[in-house]
Amino acid sequence: MTETIKKALLSGLTERLGAGKDDAALVAALEDAGADVQLYLGYTDDEWNVDTLPAAIQRKVGQLAALYYQRDAAEIAASGLSSVSYKEGDVQQSESYLSPADYQDKADRLLATLARYRRCSAL
């Protein structure tokens, strides 16, 4: 991935997630998302060049990277909890966190939108 494409995708991630995010974590999420899209579409390493992919696929890489970043951040914040409740007097607050399976389901649905771009493999 060229620096131009990486900067564009990182810029899109920052817009999607808001400023002040960990750049190293964003890059890691972007690389993971690119690898997963490559695997899903059936490209070999020699064939895979995100720079020449249609803009629609590049956007999906960015969307998947945002999901991965959110998953990783939630995992750290939740410390493995599925929900937390607070109560003080008459005030009560509860928070629920998505499970790893929920994030995987979202990722699978996002990847499924790319099904028309998949390569047919001869078995």
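By average Cβ neighbour count within 10 Å, what is the ranking of 105-113, 59-67 from highest down?
The most tightly packed comes first, giving 59-67, 105-113.
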How many Lys pairs in the chain lie less than 17 angstrom apart by Cα atoms, where the lysines are 8 or more positions apart or on different chains?
-> 5
Eigenvalues of the alpha-carbon gyration tensor of region 1-71, times 5 and square-rooted, give semi-axes in Å, largest first, of 20, 12, 10
For the chain, report the convex hull volume of the alpha-carbon atoms normalised per residue, in Å³, without decimals.
-> 135
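Only the coordinates and a few stated rules stand behind these numbers; no lab work does. Computed from a predicted structure; not experimentally measured. Please note: Cβ atoms are built from the backbone with ideal geometry, for glycine as well, and neighbour counts cover all protein chains shown.
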